[in-house]
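Quick note: the coordinates plus some simple rules give every number you see, no bench work behind them. Note that the coordinates shown come from a computational prediction; the quantities given were computed from them, not determined experimentally. Positions of Cβ are backbone-derived with ideal geometry, glycine not excepted, and every protein chain shown enters the neighbour counts.
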Amino acid sequence: MTKGSGLLRNKYAIVGVGETEYSRNSGRTTRAMGAEAIKHAIDDSGLDYDATSWGITCYAVGDAASSEAISSDVGIRLDYHADTVGGGSSGETLVSMAIGAMEAGTCDAFIIYRSMNGRTFRRMGANPPSGTARLAPWSVEHGLSGLYTSMYGIASPLNSFALSFVKHMQQYGTTSEQLAHVKMAHSWGASNNPKAFYKERVTVEDVLASRYIARPFHLLDCCVETDNAVALVVTDVARARDLKHAVVAIKGSGGRASKWRPEYHFNDGPINQVAGIYTKDAVFANAGVGPEDIDATGSYDAFTFTSLLQLEAYGFCPIGEGGNYVSDGTIFLGGRRPNNTSGGHLCETYTHGINMIIENVRQLRGEVDDYCPNWQQGEHTYDYSAGHCRALKNPVHTMNLGWAQPATGSALILTNDI
């Protein structure tokens, strides 16, 4: 099969989504949370626990529980399982892996999940609240990059990722004020999301007034840390047509692609461009659409600038013009192409990108769980003021942009037009 051939376009669908409460003190194991999220996703799909041939995978890093263990608690027998690693590009990549496993005939439906006590146990860029001292996982466990960077004090994702965006600011004149609009936009979605951890709308001034974490980036440029689990169920469209919900088909996927020498991409410039410049060629060719056809994006936002850099890389605006793109109203609710309508990682929760896939599935189904009185019947007011609606009007295509680091990326295009 030729890359970008589109031979699997609209052949598979995401039929189930599920999550636990998004909290900062779950008091539970990742095994228990993972099983709960998976059960919610299976129940949401309508697939039979016993009569389905199951495959499963997860992003297995830190305190994650294995697929073998969780499948026992869920009450399913596996015909395929393979856990993997990969950071915030995992969700989109694991969807591609699921399609590959089903296309090979190993199973009929595939579960993808992420379960993590990201606040109370294994924090991605800091010590846990217990005070147990250790090096950040980024510097030791995420490949050889730690050998080259830790000696300079780069010991967290923000320290490492920030170098790419500081260069962007220097070269293109992008400002902190422009960047703060990303947080502001995502907070609009969160303010209309009962599940979001941070529901209060923030302003550009709020972001700039928050304390520095690593100059020039402020506290509110950084994502929330949470304890939670999320899950997806993927199967073929023929089977999906007989299930509970409107079909949300997988129109195209790409990645996990990388720049040259991803373990130390600073040697191969430009460092202010990210791996999406490679992923986009495959994902858009596979889907048969372009950036202009996308109605909403879910761009990985561990930090405000990760969203901006990816939106540029995938061609939603020219390279160097991301500051204008994120600050001109485009990515806000009611804008031309809203981004992270649930609040994303900056406001809703942190799940290495999977919650943004869940959100786009619900948007395409017309089942967004906002504050509209009759949202469960699919009725929405489209009043985007705080405490009201976040559903989009008749979206057809959504796109998720995944990021593990500047040098690694993945993408997923979904549609309800099949």
Place a +1 charge on the Cβ of each Lys and Arg in the chain and a -1 charge on the Cβ of each Asp and Glu, then give the dipole magnitude about the Cα centre in debye, rounded to the nearest 20.
-> 640 debye
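So what is the 222 nm mean residue ellipticity for the chain from helices alone, if each DSSP H run of at least 4 adds -39500 (n - 2.57) and you divide by all residues, rounding to the nearest 500 deg cm²/dmol?
Mean residue ellipticity, 222 nm, calculated: -9000 deg cm²/dmol.
Provide the gained length on full extension for the span Tyr152 to Asp268, in nm with one decimal, where the gain is 0.36 nm per separating residue minus the Cα-Cα distance.
Numbers: separation 116, 0.36 × 116 = 41.76 nm, distance 1.91 nm.
Length difference between fully extended and current span is 39.8 nm.
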Give me the distance in nm between label points sitting 7 Å out from Cα along the Cα-to-Cβ direction at Arg77 and Asp242, one decimal.
-> 2.1 nm
The longest stretch of the chain containing none of the trypsin sites (Lys or Arg not before Pro) that sit in a DSSP loop with at most 13 other Cβ atoms within 10 Å is 245-335
Mind jotting down the three principal axis lengths of region 1-112 based on Cα atoms? Whole angstrom, largest first.
-> 47, 32, 21
Here the relative contact order (percent) of the chain, from C-alpha pairs under 8 Å and at least 6 apart, is 24 percent
How high is the relative contact order of region 7-126, in percent, counting Cα pairs under 8 Å that sit 6 or more residues apart?
-> 31 percent
Separation in nanometres of the label points that stand 7 Å from Cα toward Cβ, at Leu163 and Glu68 | 3.8 nm
Go through (1) 27.9, 112; (2) 19.7, 58; (3) 30.1, 113 and flag the label whose value is the computed Rg and Dmax of the Cα atoms in Å for this structure.
-> (2)
Gained length - Gln376 relative to Ala209, 0.36 nm times residue gap less alpha-carbon distance | 56.3 nm
Neighbour count of at most 12 Cβ within 10 Å plus DSSP loop: longest GluC sites (Glu not before Pro)-free window in the chain = 1-199
Tell me, what HN-Hα J-couplings in whole Hz come from the Karplus equation 6.51 cos²θ - 1.76 cosθ + 1.60 at θ = phi - 60° for each residue of region 400-408, using x for Gly and Pro?
-> 9, 10, x, 9, 9, 6, x, 8, 9
If unit charges are put on Cβ atoms (+1 for Lys and Arg, -1 for Asp and Glu) and the dipole of the chain is taken about its Cα centre, the option from Thr349, His168, Ile14 lying farthest towards the positive end turns out to be His168
Net charge (Lys, Arg +1; Asp, Glu -1) of residues whose beta-carbon lies under 12 Å from that of Asn267, Asn267 excluded, is 0
Given backbone amide H placed at 1.01 Å from N, residues whose amide H is under 5 Å from that of Ser299, ignoring those fewer than 5 places away on the same chain, are Asn340, Leu401
Residues of type lysines that Lys11 reaches as a straight line, Cα spacing below 27 Å, ignoring anything fewer than 8 places off in the same chain = Lys3, Lys39, Lys244, Lys251, Lys280, Lys393
Report ³J(HN,Hα) in whole Hz for each residue of region 259-264, in order, from the Karplus equation J = 6.51 cos²θ - 1.76 cosθ + 1.60 where θ = phi - 60°; Gly and Pro get x.
-> 6, 4, 6, x, 6, 7
